[in-house]
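See below for the structure under consideration.
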Amino acid sequence: MSGPAPRLTLAPGLVHVPGHLDRAAQERLRDAIREVVRAAPLFVPRMPRTGTPFSVRMTNCGPLGWVSDETGYRYQATHPETHAPWPEIPELARAAWDALADHPDPPQACLVNWYEPGARMGLHQDRDEADLSAPVVSLSLGDTAVFRYGGTTRKAPTRSIRLESGDALVIGGPSRLAFHGIDRILPGTSTLLTAPGRINLTLRRVGEPGG
Ligand code: MD6
Ligand code: FE
């Protein structure tokens, strides 16, 4: 293992850690996510009210998982289709939280997003968590993504960076409610996965602080 990767502060509380996971760790985490997907198959989330499908497919691990359908966004303890409890958060993802979150409690939810080439994620805030004192820690595997971020209002100017396989991103502190999204995936930029595409993990605290 190499030493800790440099941390680039993009805005107060918004920190990019290129190469947080080396190649061996990426391979182990990829294999662990394959097991998660075997236990909790990817599903297609739908927009509240309209039911428009997302272009990413999702699953979760950890005590709680984030789901979205016509009735709204929420965290729940079971898979929306199999109704089984979510599998455990892989050790390496837990370790990334411990290294980067600067929070005393473990993550309660780990959302797994699968992007095929052409998939994207519109500009949004992560605000379905009652505990906004904890950051969201994100890990990227596979093809590079163009990640866009702005301020805490939709009107604030935005910038973009590339998130490569093994990179971590922390959204916390004054940036916890910053708007962000994925403009596109750059197919063929990584050899980690057998299919072109990208996996993103986001680790979160969900409950009330101290709850
Ligand atoms: C993605 N990530 O990287 C989408 N949210 O595919 C997110 O929406 C995200 O990377 C909160 C914190 C970090 C993130
Ligand atoms: Fe997000």
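The values are calculated or read from the model by the stated rules, or taken from the named source; none is laboratory data. Predicted, not measured: the structure shown is a model, and the values here were computed from it. A quick note on method: Cβ atoms are made from the backbone with ideal geometry, for glycine too, and the neighbour counts reach across all protein chains shown.
Overview of results
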read-out	value
Yes/no for His20 being surrounded by 18 or more Cβ atoms within 10 Å (Cβ to Cβ), out of contact with any Phe, Trp or Tyr (no Cβ under 8 Å at 6 or more places or on another chain), modelled with pLDDT of 95 or more and in a loop (DSSP other than H, G, I, E, B)	yes
Positions within region 144-155 being over 14 Å from Leu10 (Cβ atoms), more than 11 Å from ligand 1 (Cβ to nearest atom) and not β-branched (Val, Ile, Thr), in sequence order	Arg154, Lys155
Breaking point among (1) more than 13 Å from ligand 2 (Cβ to nearest atom); (2) without any contact (Cβ under 8 Å) to a residue 60 or more places away in the chain; (3) surrounded by 22 or more Cβ atoms within 10 Å (Cβ to Cβ), for Ala134	(2)
Residue check for Leu141: within 11 Å of ligand 1 (Cβ to nearest atom) and either surrounded by fewer than 17 Cβ atoms within 10 Å (Cβ to Cβ) or among the aliphatic types (A, V, I, L, M) (or both)	yes
Pick from region 160-183, criterion within 16 Å of ligand 2 (Cβ to nearest atom) and of a type in the set (D, E, K, R), ranking: farthest from Thr59 (Cα to Cα)	Arg176
Filter pass, Gly65 being more than 15 Å from ligand 2 (Cβ to nearest atom) and small (Gly, Ala, Ser)	no
When residues of region 162-200 are limited to those that are near ligand 1 (Cβ under 9 Å from one of its atoms), over 24 Å from Asp102 (Cβ atoms) and not β-branched (Val, Ile, Thr), the one surrounded by the fewest Cβ atoms within 10 Å (Cβ to Cβ)	Gly181
Residue match in region 88-108 (condition: farther than 21 Å from Ile171 by Cβ and modelled with pLDDT of 95 or more)	yes
Residue within region 147-160 that is closer than 25 Å to Ile89 by Cα and surrounded by 19 or more Cβ atoms within 10 Å (Cβ to Cβ) present	yes
Filter result for the condition that a residue is in contact (Cβ under 8 Å) with a residue 60 or more places away in the chain and on the phi < 0 side of the Ramachandran plot, over Ser160, Ser140	Ser140
The listed residue being within 17 Å of the chain's Cα centre (by Cα) and in contact (Cβ under 8 Å) with a residue 40 or more places away in the chain, out of Arg57, Arg28, Arg34	Arg57
